[in-house]
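Each remark here refers to the structure printed beneath this line.
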Amino acid sequence: MNSSAAGNLNRVIGKLERRYDIDWLRIFATVTIFFFHSARIFDYDWWHIKNNQLSFGMTLFVTFVVQWIMPLFFMLSGESAHFSLNFRKSGQFVRERFQRLLIPFVFGVFVLAPPQIYFERVSNAQFSGSFIQFYPHYFNGVYGFGGNFAWMGLQLWYLLFLFLFSLITLPVFLYLKKASHNSVPPKMAGFFRRPGAIFLLAVPLALALALTNPLFQPDGLLSEWSSLVYFGGWNLFVYIIFFVYGYLLASDQFRLTLGKHGKIAFIMGIILSIPVFLPQITSGVSLFDYPFGYVLSSFLGAFYSWFWVIAILGLGSMHLSFNNRWLRGANEATLPFYILHQTVIVAIGFYVISLDLSVMVKYLLICASSLAAVTVLVLSIRQVNLLRLLFGMRLRKEHS
């Protein structure tokens, strides 16, 4: 075999090789968001339902996770887009995204979001009656602006914007794919292979945060209209950068770089935890109280998030590149699990918080009950093609 043919064969094998570390990290992110949303019932910030006793420990946990969990989701989604475009044409890619993202989103807006709004309204004495009686009121006004209709699907906003990001960035991804064999310009890949250079990718994230921070009111609360661009603790401009980064870093040229920087990123993330958690530990202290506080906060938040994302991706690439019988089924279940989990948590949590139990016992009870309920629902969904379609799973072929 000549060198040209061997090179082509290696590229084909590279395209067909599955990155099991990404599958494992997708499962990790989904499980983390489950425990995160369960903790939201007990932290100090607003959420759909609240326990009568709140927890400082839960608040610290939520503060830690919110810094990197949704950026990690978008990074992993960008990596998935990279591999999807390796063996799908653009039209196939768009159809696949429509089926796996937009159909579940629309279904969730009309079926899965209403129960959450119902329990929220009942919990806050804004409605009394059954869910059947409430459902017509779900279409009264827009949620976030005094109404009930959750146009963003609550936690399902991720699916909507991932679909839109996929359409927006597709021309760029196709250009990169055509311009180079591995979707990354060689000079760019060479530069970021230098020690520590990959951490400079946090600078565009920081600038995106700093330029949009004026959306905040002086007291730190988001204005109403800015709720159209802020979701999950970050804004859409930051998320699309994470998505593009995921696509670029999925290249084989970056895999070794991520592995080499995983440990140092982990250490830097721990070090930066001190200023990040300082406002929680010492009430009243905030970077916003100082000149250029928005800029300082933006750079701190961007680098902190980037360090943790790189740590997770890097350590995952080193230690999670293996397959087993459990992985395939669990990986397939991540999307329906994500779609369902918050609705189940809110429904079960609504009844658990009325019990005379400690915060930790309530939290564990909500987690255990919700995990069991979501697992049973996902196992049921997997058996019916119509449900698989509504929850973003690939359809099973019917055997005659």
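The values are calculated or read from the model by the stated rules, or taken from the named source; none is laboratory data. Note that the coordinates shown come from a computational prediction; the quantities given were computed from them, not determined experimentally. Cβ: placed from backbone, ideal geometry, glycine included. Neighbour counts: every protein chain shown.
Residues are listed down the side, and each one gets a yes or a no for (1) closer than 30 Å to Ile103 by Cβ; (2) in contact with an Asp or Glu (Cβ under 6 Å, 6 or more places away or on another chain); (3) of a type in the set (Ser, Thr, Tyr); (4) modelled with pLDDT of 95 or more:
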position: Ser298; (1), (2), (3), (4): no, no, yes, no
position: Ala302; (1), (2), (3), (4): no, no, no, no
position: Trp306; (1), (2), (3), (4): no, no, no, yes
position: Ile339; (1), (2), (3), (4): yes, no, no, yes
position: Thr343; (1), (2), (3), (4): yes, no, yes, yes
position: Tyr363; (1), (2), (3), (4): no, no, yes, yes
position: Ile366; (1), (2), (3), (4): yes, no, no, yes
position: Thr375; (1), (2), (3), (4): yes, no, yes, yes
position: Gln383; (1), (2), (3), (4): yes, no, no, no
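Somewhere in segment 363-381, is a residue among the small types (Gly, Ala, Ser) and either in contact (Cβ under 8 Å) with a residue 40 or more places away in the chain or in contact with a Gly (Cβ under 6 Å, 6 or more places away or on another chain) (or both)? Yes, there is a match, as at least one residue in segment 363-381 is among the small types (Gly, Ala, Ser) and either in contact (Cβ under 8 Å) with a residue 40 or more places away in the chain or in contact with a Gly (Cβ under 6 Å, 6 or more places away or on another chain) (or both). The residue pairs whose first member lies in segment 115-143 and is of a type in the set (Asp, Glu), whose second member is buried (at least 17 other Cβ atoms within 10 Å of the Cβ) and not in a helix (DSSP H, G or I), and whose beta carbons are closer than 6 Å, counting only pairs six or more residues apart or on different chains, are Glu120/His48.
Within segment 106-139, the residues that satisfy the criterion of being closer than 16 Å to Ile345 by Cβ and of a type in the set (Gly, Ala, Ser) are Gly108, Ala113, Ser123.
Residues are listed down the side, and each one gets a yes or a no for (1) within 19 Å of the chain's Cα centre (by Cα); (2) among the hydrophobic types (A, V, I, L, M, F, W, C); (3) modelled with pLDDT of 80 or more; (4) within 22 Å of Trp46 (Cα to Cα):
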residue: Gly196; (1), (2), (3), (4): no, no, yes, no
residue: Asn213; (1), (2), (3), (4): no, no, no, yes
residue: Phe216; (1), (2), (3), (4): no, yes, no, yes
residue: Asp219; (1), (2), (3), (4): no, no, no, yes
residue: Ser223; (1), (2), (3), (4): no, no, no, yes
residue: Trp234; (1), (2), (3), (4): yes, yes, yes, yes
residue: Ile241; (1), (2), (3), (4): yes, yes, yes, no
residue: Ala250; (1), (2), (3), (4): yes, yes, yes, no
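Scanning segment 118-134 for residues that are among the hydrophobic types (A, V, I, L, M, F, W, C) and either surrounded by 17 or more Cβ atoms within 10 Å (Cβ to Cβ) or closer than 21 Å to Trp46 by Cβ (or both) turns up Phe119, Val122, Ala125, Phe127, Phe134.
Exactly one residue out of Gly147, Gly129 is assigned to a loop (DSSP other than H, G, I, E, B), in contact with a Gly (Cβ under 7 Å, 6 or more places away or on another chain), at pLDDT below 95 and of a type outside the set (Phe, Trp, Tyr), and it is Gly147.
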